[in-house]
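The values are calculated or read from the model by the stated rules, or taken from the named source; none is laboratory data. Nothing here was measured: the structure is a model prediction, and the numbers come from that model. Cβ coordinates were reconstructed from backbone atoms using ideal geometry, including for glycine residues, and neighbour counts include every protein chain displayed. Remember, those area values only see protein heavy atoms, side chains included, never the ligands or the DNA or RNA. Shrake-Rupley method; radii C 1.70, N 1.55, O 1.52, S 1.80 Å.
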Amino acid sequence: MARKKYKEEADSHDRWLVSYADFITLLFAFFVVMYAVSSLNEGKYRVLSNSLNGAFTNAPPSPIRDGVGMKENMVRLEPLPLIKPRANENLRKEREQMTNMAKDILAVLEPLVREGKVRVSQTSKGVTIEINASLLFPTGEAKLSPDSVQALTAIASVLRLDKHSIQVEGHTDNLPIRNSVFPSNWELSAVRASTVARLLTENGVDETRVTAVGQGAKFPVAPNEQPDGRARNRRVSITVLAVLPEPVVDIPVASGSNPHL
């Protein structure tokens with residue numbers, strides 16, 4: 001019987017390449033991580049850590065020292081400037097526009113301003129033109145005097161070029177008025193305000209921008225005990241309202257309140 005001969009398979013000598021490739025890959029990844037860690041500026045990292053620690057513990061940041069002196073490459077911690085939102089830039093431009101408008105109104109009403117019959121002021125609310133009632137109306141009446149039409153027409157010539165809303169307010173002193181036309185100061189102030197508002201719209205100011213309000217004697221600007229003070233309180237104010245006033249914050253409903261109320 002013939003003996004079968006088996007050919008022995010030769011052992012593979014290349015399997016080590018697989019392990020070697022895995023080792024090289026891991027070694028490469030290790031050095032990439034080490035390089036990334038080493039590229040972090042130690043000084044900035046320690047300054048950041050120190051400032052965060054001070055913020056959460058409400059303690060001032062302590063100086064970071066290496067040996068005797070501060071590191072030369074250490075970044076000094078300074079307060080970061082606040083980033084100005086775009087709204088602030090719009091607010092600045094609007095205030096500048098309001099200032100220019102106030103100057104234009106002062107220019108056309110300069111004689112009346114010098115006589116103390118007109119005052120022009122600017123606040124965060126807008127530009128206010130305060131006109132003494134003696135310039136506009138006879139005592140106890142709401143019909144404009146002929147001399148007042150020229151002044152109001154000059155004001156309208158400036159306001160009609162603008163787009164801001166306008167609020168016209170009528171004010172009186174605290175002496176009661178009772179006649180067949182106006183049973184109280186409130187009615188008198190309301191009709192005077194609407195009379196001025198109507199003249200503005202008749203001279204080119206868009207009526208959708210104008211609101212008339214009667215305030216009566218609620219907001220005096222001088223004491224009513226003296227005649228001069230009462231004369232000052234009898235006035236009509238025209239306010240050009242700013243588009244970007246102080247921000248409005250909604251007040252949330254307190255917890256535990258009755259939801260059915």
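Just to verify a number: what accessible area does W16 come out at with the full protein assembly present, 1.4 Å probe, Å² rounded to tens? Roll a 1.4 Å probe over it and W16 shows about 140 Å². If the segment from V33 to K218 were pulled out straight at 0.36 nm per residue, it would be longer than the present Cα-Cα gap by 59.2 nm. Ordered from highest to lowest accessible area with the whole protein assembly present and a 1.4 Å probe, V221, V210 read as V221, V210. Taking Cβ atoms as reference points and 11 Å as the exclusive limit, the residues near G116 contribute a net charge of +1, counting Lys and Arg as +1 and Asp and Glu as -1. At 1.4 Å probe size, with no ligands or nucleic acids counted, give the accessible surface of F23 in Å², nearest ten. Here the residue's solvent-accessible area equals roughly 120 Å². In this simple spin-label model, placing a label point 7 Å from the Cα along the Cα-to-Cβ direction at both K93 and S145 gives a separation of 4.3 nm. Surface composition of the range 112-245: carbon plus sulfur atoms contribute 52% of the solvent-accessible area (1.4 Å probe, protein chains only, all chains present).
Taking amide H as placed 1.01 Å from N in the peptide plane, the amide H of V213 sits under 5 Å from that of V168, E169, G170, each at least 5 places away or on another chain.
By a 1.4 Å probe calculation restricted to protein chains, R95 has an accessible surface near 120 Å², given to the nearest 10.
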